Structure formats: structure tokens, C-alpha cells
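Novice: One structure coming up, written as C-alpha cells, with questions to follow.
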Amino acid sequence: MEIINTHTGKIYVDRELQLEFLTVGDYGKENNIKANFLGLFKEINGVENQTVDLSEKWVATISTQKGCLMKCSFCDCPTYGFFGNVNREELNYQIETILKHEKTKYTKRFNVHFARMGEPTFNKEVLDFAMYDLRDLVNEYIKAETIHPVISTMLPKNNKNLEEFIQKWVYIKNEIYNGEAGLQFSINSTNEEQRKKQFNNLSLSLEQISELSKKLPYPKGRKYTLNFAVTKDTIIDEKELSRLFDKNKFIVKLTPIHETHQAIQNGFNVTTSYEEYDVYRQFEEPLIKEGWDVIVFVPSKEEDKDRITCGNALISRNLEFEKENVKTLTKKC
Ligand code: SF4
């Protein structure tokens, strides 16, 4: 196994098992989040790289599939191919590896994102893992005040079990984790044409997502999240969003589209999103006026360069990137 050190943590690459997973700390919500409804009012004009403390917040991002069947046009993962689902044992293995390799034995918050390679709703083992394994496994290695698993889904239209999966996840969130779990829908645009281009026409339509969302019970704890990875060309019609989704069930989260090879190749305007708040303000203000709770999350340039964010499969990086970085940063595990 290879370990790639990043500015805020590590990426593990297990070529034999065809897995990659990530452990990182966080800069602190005062530094990379603006959310008026949480009392975080400061606009984020670029995020400074700084030391992170895992005992404050620890984020593990693991793969649920080996590669991905979706073909999101902003993500490098599909270029790796697809080699099946990650089984329950391998889900355990990823978290165990992450926990074993750190000295930290206490954290206020341990977040688990099923958001590295793959679309999690295609893998039912994720549900059993969260339900029966995750908490015992974490407690075996560290003391965590909160254990918070999060599902982020692109809402694949060819997944006949999608609704069943989401209903079960909501049950896990509300009943098993007493609200301390997340559900995020990747919406990205309120314009169907833009969505079709971004998700290569593999995601449900907004009307279908809206119908599905109406069948979900009200969330316990944190509301569900409508994710928008944006550039300045993104279309968000706040009135249309209010027609489609219930503000009492959902909040809106704005993040930049990451600088992946695919995003650049497919012409996404990704160059200014990290430093200038204007890009987010143009969406945030009308949404707040419309009554939405909005979180703006901005990673640092360094985090994006490290390819730590969802779906940017390290394994599929081009040879140049591999030569430049792996040589200098890799050590044997
Ligand atoms: S963003 Fe997620 S669902 Fe889309 S191709 Fe990448 S890994 Fe798959």
C-alpha cells in the first residue's frame, strides 16, 4: 500500500484491492465555512493552509466502489474503469487502516464520508456497515464524542433500488444515529440541460428528485443537504428550488467544482472559485432572501491540489502527476 501525504492528512492507495481512501483534519468552520444561519457571517476569500488538529475534527473519506459507473463530467474517477462494489470487510478495512495509522486517540468529531470512489447507493453493504460495524470499529481505536457518517449521492436514474436505499439511510440517520448522520443530494444546477451535461444524463430529473424527497420523513438533527458544486456559470433559480424542495427538510450547500482533469477538459470555469467570494455571493444572497439556510464551504488551493475531495480518484491521475508527486511523497506502509 502507498501513503501519499497531503497538506491536511493522507491518501491511502491500495492497488491490490483497487481502493483509495483518505484521512484529513479540518481548518475549522470559522475558516472555511460561511453560514449565516449558524452565526458564521465572514465571507471566505480564499482559505489559508494551516496546521490541522484531528482531535478537533477528523474526516475519513472512503470508497464504496472500485471505480465508478457514473460518468460525471467534472470527475476523474470513471477514467479508472469499474471493478465492482467494495464489500463490507473492505469498508471495515478502510476505516481500520485510517484509525490505526494515527497517534490521535481522541476526537470531538469523527466524520465518515462515503464519497471517494463510487456512487454509494449502488452498494447495500454500506447500509449494514453503518448500521452494525462503524461505531464499534471506531470505539475500538479511539474515543470520539460524535461519529457522523454521511452519504452523498448523484441520484442515479438507473438504480432501481435508489429510493429503498435512501429510505433505509434516513432510518439509520434518524433512528440509529439519533440524527447524527448526513444525507446529501448532488443537485448542482436548477437547469435540466446543465444537469444533464454535468451528470452525463445519468441522474434523475429534478422533478423525480423532488418527488422522492417528498416521501422522506422529516430529518432528526441536521436537515438533509442539497449540494451545489458551482462555477460562476452555474444556474440556481431560488424560486424553482423552493417549488421543488421543502425548506424544513433541506439546506443548500455551495462548494466549488474542483480542478480535476475532467473538469478542465470539459470546459468548467474552475479557475477563480477559491479566492473570490463573488462566485458564491451571486448564489448565496438570493437563496437567503428566498428563505433558504445556506452553507458555503471553501477548501484551500492546497487541498484541491492534493486531490483530497470527493471523486478525484488518485489512481486515475495522469502519469505526469504520478511521477511528480508519488516519487517525492510516497513511502511504504
Ligand atoms: S462524482 Fe462520484 S458518482 Fe460521479 S463519477 Fe465521480 S465518483 Fe462517480
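Novice: List the number of the failed condition for residue 241; all other conditions in (1) in contact with a Lys or Arg (Cβ under 8 Å, 6 or more places away or on another chain); (2) within 20 Å of residue 292 (Cβ to Cβ); (3) not hydroxyl-bearing (Ser, Thr, Tyr) hold.
Specialist: (1)
Novice: For the structure I just gave you, tell me whether residue 69 is among the aliphatic types (A, V, I, L, M), more than 16 Å from the chain's Cα centre (by Cα), within 16 Å of the ligand (Cβ to nearest atom) and in a loop (DSSP other than H, G, I, E, B).
Specialist: Answer is yes for this residue.
Novice: Collect the residues in the range 56-94 that are buried (at least 16 other Cβ atoms within 10 Å of the Cβ), among the small types (Gly, Ala, Ser) and touching a strand residue (DSSP E or B) at 6+ places or on another chain (Cβ under 8 Å), keeping them in residue-number order.
Specialist: 60, 63, 67, listed by residue number.
Novice: Consider residue 74 carefully, then state whether it is touching a His at 6+ places or on another chain (Cβ under 8 Å) and either part of a helix (DSSP H, G or I) or of a type in the set (A, V, I, L, M, F, W, C) (or both).
Specialist: So residue 74 passes the test.
Novice: Within the range 197-242, count every residue that is part of a helix (DSSP H, G or I) and among the aliphatic types (A, V, I, L, M).
Specialist: Qualifying residue count for the region: 4.
Novice: Would you pick out the residues in the range 136-181 that are touching a residue at least 60 places away in the same chain (Cβ under 8 Å) and under 19 Å from residue 63 (Cβ atoms)?
Specialist: 152, 154, 156, listed by residue number.
Novice: Do you know which residues across the range 79-91 are within 11 Å of the ligand (Cβ to nearest atom) and in contact (Cβ under 8 Å) with a residue 24 or more places away in the chain?
Specialist: 79, 80
Novice: Kindly list, by first and then second residue, each pair from a residue in the range 54-77 that is without any contact (Cβ under 8 Å) to a residue 24 or more places away in the chain to a residue that is near the ligand (Cβ under 9 Å from one of its atoms) and outside any loop (DSSP other than H, G, I, E, B), limited to pairs with Cβ atoms under 7 Å and residues at least 6 apart or on different chains.
Specialist: Sorted first by the residue in the range 54-77, then by its partner, the list stays empty.
Read the figures in this text as sums done on the coordinates, not as results from a lab. Note that this is a predicted model, so its numbers are computed, not measured. A quick note on method: Cβ atoms are made from the backbone with ideal geometry, for glycine too, and the neighbour counts reach across all protein chains shown.
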